[in-house]
Structures are given as structure tokens and as C-alpha cells.
Amino acid sequence: MQGFKQFLMRGNVVDMAVGVVVGVAFGAVVAALVKDLITPFIAAIVGKPDFSAIIFQINGSKFPIGDFINAVVSFVLVATATYFFVVLPVNALTARMHREPPPDPITKRCTECLSEIPIGAKPCAFCTSALQA
């Protein structure tokens with residue numbers, strides 16, 4: 001029993017459990033977005049929000065492929081909504097947070113001849129004018 005307790009108290013297991021719970025809750029939000037907003041919008045444009053009535057027969061056997069089409073359309077809509085409403089904003093936020101500061105300059109411009117010279121130079125190597133520190 002002690003080993004099981006140690007297994008449960010490891011950080012990875014707890015993090016994974018929290019991730020699953022948040023994922024399920026987020027899945028419900030995305031499913032509601034698709035069901036309540038996106039699917040009616042598509043129905044307003046196309047005219048059919050539901051394909052469950054599509055059935056074909058071969059030798060008297062019925063193949064209700066409409067439910068499968070509904071599941072595929074729902075999957076595509078959920079994946080699209082997840083990508084545009086979660087993945088893109090999180091990637092943009094992560095990129096913004098991990099920007100590296102620009103490197104320190106290694107050259108400067110001479111005020112007289114405007115040539116590029118090393119940052120530590122005192123006279124200009126091209127026009128020999130004295131540079132300010």
C-alpha cells in the first residue's frame with residue numbers, strides 16, 4: 001500500500017490527473033460551442049444541420065451512414081474550434097513570453113564619417129576622428 005501511495009503522490013500523476021479533468025471540462029465547452037453556435041451557423045448557410053437521416057441499402061441491409069457523417073463533421077468542427085480558439089492564442093502568448101532581448105551591440109557609427117566601427121574604439125579607424133565614450 002505504501003508503494004501505491006508514493007505512486008499517486010508523484011508530481012507527474014497528479015499533473016496528469018489535473019490535465020485530464022481540465023481537458024474534459026474544456027471538451028464540454030468546445031462541444032457546446034460547436035453544437036450551439038457553429039452548427040446552427042452552418043445550418044443557416046447550408047440548410048441541413050443534421051445528416052442522421054442519410055441511409056443507403058444493399059440487398060435489404062441498411063447502412064445508416066448519416067450518424068458517421070455527423071460524427072466526422074463534429075470532429076472537424078471541434079478540431080477547428082480548438083485550433084483557432086486555443087492553440088493559436090496560446091502559441092502567440094508563449095512566443096510573446098519567450099522573446100529574447102536583442103543582443104548587445106558590438107559596433108557603433110562614427111559621428112564624422114558614419115562608418116561602422118567596434119564599440120570599444122576610441123579613434124575611428126577610417127577617418128581617425130576622436131570618438132566620444
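We did not get these values from a lab; they are worked out from the coordinates using the rules stated. Owing to the predicted nature of the structure, the values given are computational and were not obtained by experimental measurement. Ideal geometry is used to build each Cβ from the backbone, glycine not excepted, and the neighbour counts take in all protein chains shown.
Quick one: if the Förster radius is 35 Å, what FRET efficiency do VAL18 and ILE119 give, using the C-beta to C-beta distance and rounding to 0.05?
Approximately 0.10, to the nearest 0.05.
Given a Förster distance of 22 angstrom, what is the FRET efficiency for PHE68 paired with ALA31, based on the Cβ-Cβ distance and rounded to 0.05?
0.80
Let me know the whole percent of all Cα-Cα pairs from segment 1-76 that are separated by more than 13 Å.
77 percent
Only four residue types carry charge here, +1 at the Cβ of Lys and Arg and -1 at the Cβ of Asp and Glu. Report the dipole size of the chain about the Cα centre in Debye, rounded to the nearest 20.
Taking the Cα centre of the chain as origin, the dipole is about 180 debye.
Using a Gaussian network model of the chain with C-alpha springs under 10 Å, which one of GLY23, GLY120, GLY66 is most mobile by mean-square fluctuation?
Per the Cα network of the chain with a 10 Å cutoff, GLY120 tops the list.
Would you mind telling me which residue in THR39, THR94, THR80 has the biggest mean-square fluctuation in a Gaussian network model of the chain, where springs connect alpha carbons within a distance under 10 angstrom?
With Cα springs under 10 Å in the chain, the top fluctuation among THR39, THR94, THR80 is at THR94.
Cα convex hull of the chain: how many Å³ per residue?
Enclosed volume per residue, from the Cα hull, is 338 Å³.
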